[in-house]
Structures are given as C-alpha cells and as structure tokens.
1. What is the gain in length, in nm to one decimal, between residue 136 and residue 17 on full extension, counting 0.36 nm per residue of separation less the C-alpha to C-alpha distance?
2. Once you put a point 7 Å from the Cα of residue 312 and another 7 Å from the Cα of residue 443, both along the Cβ direction, what distance in nm separates them?
3. Round to the nearest 0.05 the FRET efficiency obtained for residue 269 and residue 425 when R0 = 45 Å and r is the Cβ-Cβ distance.
4. Just want the ordering: 39, 389, from fewest to most Cβ atoms lying within 10 Å of their own Cβ.
5. Taking 0.36 nm per residue of separation and subtracting the Cα-Cα distance, what length does fully extending residue 452 through residue 101 add?
6. Quick one: what Rg and Dmax do you get for segment 447-557 from the alpha carbons, in Å?
7. Using only alpha carbons, build the gyration tensor for segment 7-123 and give me the equivalent ellipsoid semi-axes, biggest first, whole Å.
8. Explain nothing, just compute: Karplus ³J(HN,Hα) = 6.51 cos²θ - 1.76 cosθ + 1.60, θ = phi - 60°, for every residue of segment 104-114 in order, whole Hz, x for Gly and Pro.
Amino acid sequence: MARKPNNPTAERRGVVLIITMLAVVLLLSLVLFVLNTGDMINRRQQVQDAADATAIGGATWMARGLNLIAENNVSMSMNIGLINTLDSMPQATDFVYREQIAFVEALRAQMARGMTNRGGEEAELVDELMNAYLDELEAELAQIEPVYEFYQEINVPSMTYYNAPDGGHGLIWQAMFAMDELNQATIESLGDTTQTMAIDAGMVTIRQNHAATDTLVLPVRAELPYDRGEFNDFELPVKYGVLPEALDNEDSRGPYDTVFGWHGLNRECLSGYYSDGNREVASGGRGAVPIGRGSGGSGSGRTWNCTEWQVNGYYTWGTHQHMYDRVNAFTDSRLRNTRLDWWTRRLANAKLQYLWPDPDPDDPEATPPDDSYPELEQIIDPDWVMDYDEAQQIARVNRRSIRETGYIVLEIKSSVAPGSAGYLSAGTWALVDELGEDQPRLVRRRGWVNPSSWDRRASVEKVSDHVWRETWSYSVHFDNDLGIEPVVDSEGNLVPTPIYRIDHFVFAGVNIGNPVVIPNCYEGFDKSSQQAPAPMNIELKDTDDDRFEYLKVLAVTRQRDRAFSWPSGFRGGKPEPYMVAVAQAKVFNTHSWDSWTPMWNAALEPVDRWDDWHDRISSSGDHRNVNDSTLDFLEDYFERTAELADVMLRH
C-alpha cells in the first residue's frame, strides 16, 4: 500500500503546543515570583515599621515619664511660692482697704476745707489736680473693696495651712502630696510601662496587617538612676530659681530660666567717656521740706557716657518672687496709690522665714534649728488718725507711738517764676515725674514728720489748714517736659535756664497701729519628715555611656517569612525562617539633663553598639512578655550577625 505523504502542519502544531505550555509555566512562575517578592517586600516594610513603632513608643513613654516628674517637681515648688503669697492676701488686702478708706476720707475733708488761699491760676490748677486725684483714689477704693471682700469670705487657711483649721492638710498641701506620690509611682513603674507601651505600639502596627510577630524591646526593663530627695531641696528653686544644690552645675540653666525665661543680665561698662556741659541740670537745688522729691540735681556738669557694655553673667529668680511679681504687676497697673504689693512682699517674706530662716548674718555658715526663727520684720497693723489736731496731741504725749506720717504731695515745675506774667499758662508748667510716678501721690514717712516746723523756713508757707506750699528753684540746660531746648552763647557755652518748683504738701494722717502676729501657715510641718513632699531627683549626664545605659531603646521584631505562593519553591537556603528588623530610639533633653526641666523628647536614630546590645540581651533577667524561645533566637541572631553588623546597619 502506498504511504501517505507527511503532514508538516500537524507536526508544527505539536511543537507550538509544547512551547506554549512551557511559556505558560514560565509566565506563571514569573507571576508567582512577582507576587511573592512584592509580598515579602511589603511584609519586610511592615516588620521594620513595627520595630520603629516599638522603639519610638518606648522612648516616647520614657520621655513622657521624665517630663511628668519634672513638671511635678516644678509645680510643687510653685505651690510653695503660692502658699506664701496667697496666705498673705487676707491680711494685706485688709490693711490696704482700711488705708485707702482713711486717705479718701482725709482728702475729701481737705477738699471741703480748701486747698489754698492764694487764689488765681494756681488755686484753680491745684483744685483741678486734687479733684482728679480724689476721683482716682475713689476709683481704686472701688476696685479694692471686692478684692478685700473676696479674701475675707473665702477660707484661705483651708488651702494654705499645713494643718488646716477644719482638720487634715490644706488643699495646696494635698496637691503637693498627690504630685509627690505620682512621681514615686511614675519612676517605680517606668520600666514596666515603657516596655508595655513599646510592645503594644509595635503589635498594633503589625496587627493591622494580620501577621503573627514577636516584638522585643531592650532594655527588657528600663531603669533610671533616681533619688527621692527631701523637702529642703525645694529651697533653692523657690528662693532663687536654680536647681537643688546636689544637682546644680554651671551647664544647667534650670527649669525656671529655660522654660519661663526668668532671668536678668548682669552688665558692666567696659569703656566710655565723660561729657561736660550737656546735662539737663545746670545747677542743683533742693527743697526744705524733707518729703517728696525735693532736689533738682547736683549740677556737677559731667555725665558718664558708656560706649561698650559687657554681659558678665545673669541671675534668676524663683517661684516665691514670681508669685509676688503677679501681685506687683496688678498693683502697678491698677492700684498705684496703694501698698498692696508692699504689704504682700513683707508678709510673704516673713512666711518664707518661718519655712527657711536666713542664717545668722554674723555666722553665714550657721543654720538656725528648725524650731527657732530669727526675729521677723515687724509688721504694723495700720491704724490711721486723720485729724491734724489729734495727731499733734499724740505726738506731744508719745511721739514714738507714731509709726508713719502720711502726706499727699503735688509737685509742679514751671519755666515762669511765681507771680510773673504768664505764670502757669499753657506750656509753661508740668508735673514732676522724674521717677516715672504720676502726680499727685501719697507719701508715707517713718515716724513723726511734724509740718509745724516748716513754718520757720522762708520758702515754706501754710496756704490752708493742713496744707503747706514750698517754692524753690534750680537751673537746667534743657527740659523736654517744658519745651526748653539747649541755648549756646557766643563762646559756645550752654546757657542755663531757671526752673521753678511749686510743691504742695497735704497732711493726710498718722499711723499709730501696733505690731501684729504674722500667721504661720507652716505650723506643725516637719521638713525632715520622710512623709513631707519631696522632689524626685534624676541626674543624667550627657555622656555616651549614660545615654546608652539609661536613655536608649532598641526594638527587635521578627516575623516568619513563608512565601505567599509555592513556599517550598521560594524557601531558598536561609538559616532560619524569619525576617528580622531592628530600630533604635533615644531619649534626650534639649536644655538640661535633669528631672526638673520638662523638655525631654524622643527620636529614632541609627542603631549602634551592636555588641553592647547583645550583652544587654544576655544579661537581661526580666523577660516580661517575651518567651524564652524568642529570647534565645534573638541572642543567637545577634551573635551570628555581629560580623556583618556594620554593613547591615549602614545599609
């Protein structure tokens, strides 16, 4: 039988089928490779993200703990300063309120009697200024009254007294005890909470990707070198705004300057020159009345002009001064005629003496026993007698019983002599304001200042009942208030111009008050007691060893790297079926390495000191939340990768 010829098309079809099948297998392998590679890259990134989250989570929690301790230390010292000032307010506002009532009544009575018998422009001006001043005193009284009533109504001792009247400790003391306890709990639990928060941060990151992961943070249980101090550690921060003596050093600015900017600069003049003949005052003068600003200047004719200053240091202040400054700022802006800041400072300083007595001035090294106090500054309960005749009688009977004498002073300067044409016309007079104080103003002088003795002086005359007027003069080269500009003669010398002072002194009363007891809000408090509030002191130096031992966190995260598809085909020759990621974070303070400056931060940084971290794993005795097999694996991993660590960590 004859054979059929071969079919070349059929043969070619078989080859194409084989090639197609091989191409499909190759394409499928390529797809699986791409899928597995992408999955491995994603999971590798996830593991690294988990390590980063673990490291920064632990470091952040440690920084938060240090900031909490620092803020509590500062807050406790703030509360001590608050105790002194707040406890002074009921007594201070009572003194001020009664004084202001007395002076308002005294000026009202004087305005009814009349300010001056001279008449003319001067009488009108004096009446106008004194009426305006009376309005000011009455406005201040209206502001003082609710403040006075507030402090009389609230129970301040229930907040400031160590032994509060209603039993227990005052509210501010309770707050300090609570902050002290919180500090102790924070430092004692810092290792556990740092580890827990670190691992939780890492696990939360991984759980989002539904993958099983082991996470470890080193040190396994973080610890910091700390010491709970004693109450006396607050003395320097409260008084001067510097760290306790055991912690203070030249490199530390302390929290009050660093955080709040409580500092001033000490400056000295390095070079300059004297200038002649260009001072405002050409020839001095001085009034005869021993109160007010009765001097026109020395008229020395020489002025030192500094051309180069050098800052040679700075000073800080503490929480006691800060609290007083708040009262001072309120007084300056609203109650300039009162002594609210003056009374508050004296009372608060006395209370500070109860707590920390100043040493014997004759023996700076001596410290008084805790149960004895140096003689405190005497505080006089104001009792003002405003009637002039009664004041004179008191002075005759017992002059020493007069503690202070008060006057309302009005000081005017004029470029036109009294009695001359144009006297006190517009632009020719101004109120004396050399010290930045407004006019008129209240002046109080210690002891008895007898105005009847002024009548014998030619420059002084009595112009009304209880009102004295003094005129005197001095010369100036210029005066901006009066519009007097320098005048030069033909020889180039400055020509002096006379200035006339017209000062009025209104008797306002005498203070015959008696010394009062300053309440001791610290009575019953034992500074040396272990139960007394105390700061938590942590001193960490900015050295590599200190930073590594206490302020660095290493996170290690591992995850099985089983391939997404065809795991046996993609296993390769790896020694262990894990992908491992490491991350390191640091805790640092941008200003001061102490537990008083709440400026601790955390940040990721490159991993370093691989061998030292391996030693930390080997020596770790507390495995909390980490099983032994994971710890053994990580220790073996560190050993096997030690030689490649430098290359790995630079990659």
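1. The residue 136-residue 17 span can extend by a further 31.8 nm.
2. 3.6
3. 0.60
4. Fewest-to-most ranking of 39, 389: 389, 39.
5. 123.8 nm
6. 34.4, 97
7. Largest first, segment 7-123 gives 101, 25, 8 Å.
8. Using θ = phi - 60°, the values come out as 4, 5, 5, 6, 4, 5, 5, 4, 5, 6, x Hz.
Values quoted throughout were computed directly from the atomic coordinates according to the rules given, and no laboratory measurement underlies them. The structure displayed is predicted, hence computed values, not measured ones. Glycine also receives a Cβ, built like all others from the backbone with ideal geometry; neighbour counts cover every protein chain displayed.
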